[in-house]
Amino acid sequence: MSDIRVSEAAPTSGAPVGRSATRSDARDKVTGKTAYGGDRAVSQECLHAHVLRAAHPHAIVRRIETGPALADPDVVAVFTGKDVPGTNLHGMIRRDQELLATSRVRYCGDAVALVVARTRQAAERASKLVVVDYEPLPGVFTIAEALAPDAAAIHPEGNILGRQRIRKGDALAAMAEADVVVETEFSTQSVDHAFLDTEAGVAYLEGEVLTIEAAGQWVHEEARLLALALGLPFERVRIIQPPTGGAFGGREDLGIQLYLGLAALLTGQRVELAYSRAESMIARHKRHPIHIRYRFGARRDGTLVAAVVEVQADEGAYASTGKAVLRKAASHATGPYRVPNVHVDVTGVFTNNNPTGAMRGFGASQIAIAYEGAMDKLAAALGMDRVELRRRNLLLPGDAVTTSQILPVVSAQECMSAALERIGWEGRSYETPAPHLKRGYGLSVVCFGLGYGDGFPDASRARVRFTDGDRLEVYTGAVEVGQGLVQMAAQVAAQAVGVTIDRVDVILADTARTPEAGSSSATRQTFFTGSAVRKAGVELRHQLLDIVGTLLPVHPDELDLADDACFERADPTRRVPLSAILQEGRRRGYPLEAEAIFEPRTICQDDAGQSVRAFVTYLFASHAAEVLVDVETGEVQVQRIVAVHDLGKAINPLAAEGQIEGGVVQGIGMALMEEVVRQRGRLLNPNFTDYIVPTAMDVPEIIPVILENPDPIGPFGARGVGEPPLIGTPPAILGAIHDAIGVQIGQTPATAERVWRALQQAPGR
Amino acid sequence: MTEALELKSRLKDKGVFLAGGTDLVVGVAKGRLSVEHWIDLSGVPGLSYVREEGEELAIGPLATHAMLERSAFAPALAQAARTVGGPAIRNRGTIAGNLGTASPAGDVSVALLALDARIALVGSHGSRSVPIRDFFVGPGKTRIAHDELIQEVRIRRSADSAFLKLGKRQSVAIALVSAAVVRQRDGRVAIALGSVGPTPLRAARAEAHLALAGLAPEAIGEAASLVRAEVTPIDDHRASAEYRRAVSGVLVRRLLEQLAASSKPESPARA
Ligand SMILES: Cc1cc2nc3c(=O)[nH]c(=O)nc-3n(C[C@H](O)[C@H](O)[C@H](O)COP(=O)(O)OP(=O)(O)OC[C@H]3O[C@@H](n4cnc5c(N)ncnc54)[C@H](O)[C@@H]3O)c2cc1C
């Protein structure tokens, strides 16, 4: 960035940035020492809360009688919506969900009462004594039901949350003139985040301040929303993030924080609350199930001329972050391909299912299944090699994505080449150990715009300071949810200032102590908080160099700072240790601290879905998958996955590989087994017996490959890694199944039964 | 042991035998079960063994799946045990618990059914031996009287056996369909299936067909289609009945082909 001054040390070998240093939080997590939200809850005497959830997916709440529950001697209080002092409303984009329902419930996870008691058992027991008089309403549970003319309206304005479109060129005309047109349809499933620790935490009053220790993804925004819902001024709310076992978008919407806060505020006492796995799955939003109709038109030589894409998404009962998800699905509708004429219509529809919102991939993951599936179909229709077709249409440097943004780094082709090479595509074998097994190979190339984008305010602030004990402290409001942020921040700070990684302590996610950093979502924290830490670090580095200038008769340009010492470039033996610099700095009154904000701008898409800068930057990735399909049972076994990601710069390569592997595993789950099953709005599998996630035995050999074409803005060239490893996986696996059996599976997850059924129905059988 | 039986006859239905607890504890935690008194069998000495006694294998009720996995006596039993849960479950879960739970999806139960196991029950009035074909009554229901416990399980040596299971993933998976086949030393073939009826079940018609026709390829094909007709699966959120029926035939055919291949070197399998 232009505002970063001279003499920043570029990371060399052995430097903090680029080193696979062990994460500072790894040992405690692996040995079970780390106290997660639920562990904190039981460490002190407190009251216990329990939330009563709706008995019907859609009903009017006529009356709530709390008397019978209050009669229990162990019960301290029973709260309903009438007791909530503030707006009683929450929602990330639109405040449309009541904290406690006063007049209507719209899905089975809606909360109607909050019981506070002296024991957990009593709170749970008494919640069953709360009498709720419901008038059940007809529900709508599918997109078709929601759009029917006589459908029950879930919200006053009807059942459509929003529409998003792209109109680029004249896609309908171009389609009509195309030599070849293919059409394909996909339906994706409802997916749960399935993080390790369910929602759990404590709340208490510290004087006037309501303090909540529970995991979210954006402590400052949670404090703002909670203050509104509970009618408190912002400065009377403090949120502290405990160590967290994964989030994946699932902690983005507020939930447990509100109930903890309400209970502690109104009783004045310390309160704990922990969701069971069933409650966690019933209450929380899910990944959008979407239906996609995708058409590509191409010339005989394979050149794409048009894409026409229709998407309908199940929004569930409330808005959540749905609108942003729809926008992301639209802006990523043609992925990394050059398509001159694009016509996209995305519609989000309310139903009485779980609300749908943020989950790793955020709309881009569902649409990738469709554009890659359509590419495979187009290749077949043209009689052209899948790789050749992609090569012909992948973006090249200087090309623009569908939204018309021209990207500084376009490495789609390079990613694909690396994936092909690592899986051994050219020499691939279709041999199998038995005739009922068929082998197949699939390929995906994806791109992903990181950050919130679309003009949404997106910033991170960070502070760095030296303590009197010569430790370097980094303060950031960002949350660590397992992704490795704490180590990223330490390595970036060490690099920027010129100290060793071990000297750095990172203080995270406490609204009373740390500056606003935005959410840990949208693959943004390495880019945003990494940049803020780097800017602040460079500022501090300059203070150190200035101090050295008073000690050595050398121009600052001839000095370098690394590994806790300042030395002359020309003669590194001439050096001043960090302790001496800090001592001198203190004597001279230097602040020895610095704060910086990183706030790159984006521009919202116009009515035609166009924006020269919808996202701050894009990542490219390519996955290749090898599968074995049992054609008699439909069972799919993934044999190998190669995942190539152009991260710009891996701040910690080992951690980046870990993120890639984790994303691939989650992608295998989405491709083959994970599915929330509901019957008229009620979950049939809110548990890990029947909500199937991959086990270690389902994980094949994963080969992560990191490319480093530096980003012009990101910290030390880094972009990020979070979401794309998941996004690229399902299309590669589905493509491999298609290759193995000659049939495209149009519905995820591609369970054994679905594959079997598709084979039964395939022509020629 | 006497103490355990005394407790049980005193507490009747209010006392529940606890073995590995992998079914019971989960049931209690999920609110499906409420238990007033536990009678923990882990303190009773000498119940955890897998012992070859001449032509028989004697298995103590507290023998774990991990122990069964390591026994070479009957491949179907070891293979079934290997597919139970994950390592933690196999180290705790027991053979008596698997039988006592009487789930239609009990993997070890399916293998034992094909192996014609005999289940020794002991109660305050003495012992008796129940053939496994008579043991299961319905989902969660067995012939164990309220004052009895499983004392031992015995199987006879067979010529060969094998087990296959299809679940929704590679481990910690409830069987969508499981199947075991056994070739007795007199050449008779037994076939048992899991998750395709209210209890683990034997495919009697397919067995009868093989008794006449042997393990020739056409006979195997015919047996597989008889199996598809004789199973009684249901539709649930895990799989459809139609699919379970189809897979039943596939698994049995593969298992029989395995038996046929391993019996090739000898002359026809008729005794
Ligand atoms: C995560 C998980 C995965 C699983 N996966 C599988 C699987 O893949 N396949 C499978 O078959 N099962 C599976 N199970 C179920 C279970 O582990 C097995 O059924 C196991 O064999 C039960 O044994 P246990 O010793 O734990 O039984 P317990 O839970 O202790 O007891 C089960 C029942 O048997 C009764 N019982 C126990 N011992 C005796 C006795 N000596 N006499 C009379 N009654 C007795 C008990 O009273 C109780 O009714 C799984 C369970 C879990 C939690």
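The values are calculated or read from the model by the stated rules, or taken from the named source; none is laboratory data. As the structure is a computational prediction, the values presented were derived from the model and not from experiment. We place every Cβ from the backbone using ideal geometry, glycine too, and count neighbours over all the protein chains shown. Note: areas computed on protein heavy atoms with side chains; ligands, DNA, RNA excluded. Shrake-Rupley method; radii C 1.70, N 1.55, O 1.52, S 1.80 Å.
The table below lists the values:
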{"item": "Sole exception among (1) outside any helix (DSSP H, G or I); (2) open to solvent by 10 Å² or more (accessible area, probe 1.4 Å); (3) among the aliphatic types (A, V, I, L, M) for residue A:488, by number", "result": "(1)"}
{"item": "Failed condition for residue A:115, given (1) surrounded by fewer than 20 Cβ atoms within 10 Å (Cβ to Cβ); (2) farther than 19 Å from residue A:353 by Cα; (3) touching a strand residue (DSSP E or B) at 6+ places or on another chain (Cβ under 9 Å)", "result": "(1)"}
{"item": "Considering residues of segment B:127-145 that are within 10 Å of the ligand (Cβ to nearest atom) and surrounded by 17 or more Cβ atoms within 10 Å (Cβ to Cβ) only, the residue farthest from residue B:58 (Cα to Cα)", "result": "B:142"}
{"item": "Test result for residue B:193, assigned to a helix (DSSP H, G or I), away from chain A (no Cβ under 14 Å) and within 20 Å of the chain's Cα centre (by Cα)", "result": "no"}
{"item": "Index of the failed condition, residue A:699 passing every other in (1) of a type in the set (Val, Ile, Thr); (2) under 19 Å from the mean Cα position of the chain (by Cα); (3) open to solvent by 20 Å² or more (accessible area, probe 1.4 Å)", "result": "(2)"}
{"item": "Residue B:113 vs. criteria away from the ligand (no atom under 12 Å from the Cβ), away from chain A (no Cβ under 14 Å) and either within 13 Å of the chain's Cα centre (by Cα) or charged (D, E, K, R) (or both)", "result": "yes"}
{"item": "Some residue of segment A:236-251 being out of contact with any Ser or Thr (no Cβ under 6 Å at 6 or more places or on another chain), part of a helix (DSSP H, G or I) and open to solvent by less than 10 Å² (accessible area, probe 1.4 Å)", "result": "no"}
{"item": "Unique match (being open to solvent by less than 50 Å² (accessible area, probe 1.4 Å), under 28 Å from residue A:112 (Cβ atoms) and modelled with pLDDT of 95 or more) among A:67, A:38", "result": "A:67"}
{"item": "Positions within segment B:138-176 being at the interface with chain A (Cβ under 9 Å from one of its Cβ atoms) and among the aliphatic types (A, V, I, L, M), in sequence order", "result": "B:166, B:172, B:173, B:174, B:176"}
{"item": "Output for segment B:218-248, where each listed residue is without any contact (Cβ under 8 Å) to a residue 12 or more places away in the chain and away from chain A (no Cβ under 12 Å)", "result": "B:218, B:219, B:234"}
{"item": "Cross-chain or 6+ apart pairs with Cβ under 8 Å, segment A:721-746 first and in the same structural domain as residue A:333 (by TED's automatic domain parsing), then surrounded by fewer than 24 Cβ atoms within 10 Å (Cβ to Cβ) and at pLDDT below 95", "result": "A:741/A:762; A:742/A:762; A:743/A:762"}
{"item": "Residue that is most open to solvent (accessible area, probe 1.4 Å) [pool: residues in segment B:156-190 that are in a strand (DSSP E or B) and within 11 Å of the ligand (Cβ to nearest atom)]", "result": "B:165"}
{"item": "Which numbered condition residue B:212 misses (of (1) more than 14 Å from every other protein chain (Cβ to nearest Cβ); (2) in contact (Cβ under 8 Å) with a residue 12 or more places away in the chain; (3) more than 27 Å from residue B:81 (Cβ to Cβ))", "result": "(2)"}
{"item": "Per-region count, segment A:636-659, residues over 20 Å from residue A:529 (Cβ atoms), open to solvent by less than 30 Å² (accessible area, probe 1.4 Å) and either within 13 Å of chain B (Cβ to nearest Cβ) or among the hydrophobic types (A, V, I, L, M, F, W, C) (or both)", "result": "6"}
{"item": "Inter-residue pairs, beta-carbon under 9 Å, first within 24 Å of residue A:275 (Cβ to Cβ) and more than 6 Å from the ligand (Cβ to nearest atom) and in segment B:12-30, second open to solvent by less than 60 Å² (accessible area, probe 1.4 Å) and aliphatic (A, V, I, L, M), 6+ apart", "result": "B:25/B:18; B:27/B:35; B:28/B:35; B:30/A:278"}
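Results for (1) within 13 Å of the ligand (Cβ to nearest atom); (2) modelled with pLDDT under 95; (3) surrounded by fewer than 20 Cβ atoms within 10 Å (Cβ to Cβ); (4) under 15 Å from the mean Cα position of the chain (by Cα), shown as yes or no for each residue.
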{"residue": "B:81", "(1), (2), (3), (4)": "yes, no, no, yes"}
{"residue": "B:95", "(1), (2), (3), (4)": "yes, no, no, yes"}
{"residue": "B:119", "(1), (2), (3), (4)": "yes, no, no, yes"}
{"residue": "B:122", "(1), (2), (3), (4)": "yes, no, yes, no"}
{"residue": "B:125", "(1), (2), (3), (4)": "no, yes, yes, no"}
{"residue": "B:147", "(1), (2), (3), (4)": "yes, yes, yes, no"}
{"residue": "B:151", "(1), (2), (3), (4)": "yes, no, yes, no"}
{"residue": "B:154", "(1), (2), (3), (4)": "no, no, yes, yes"}
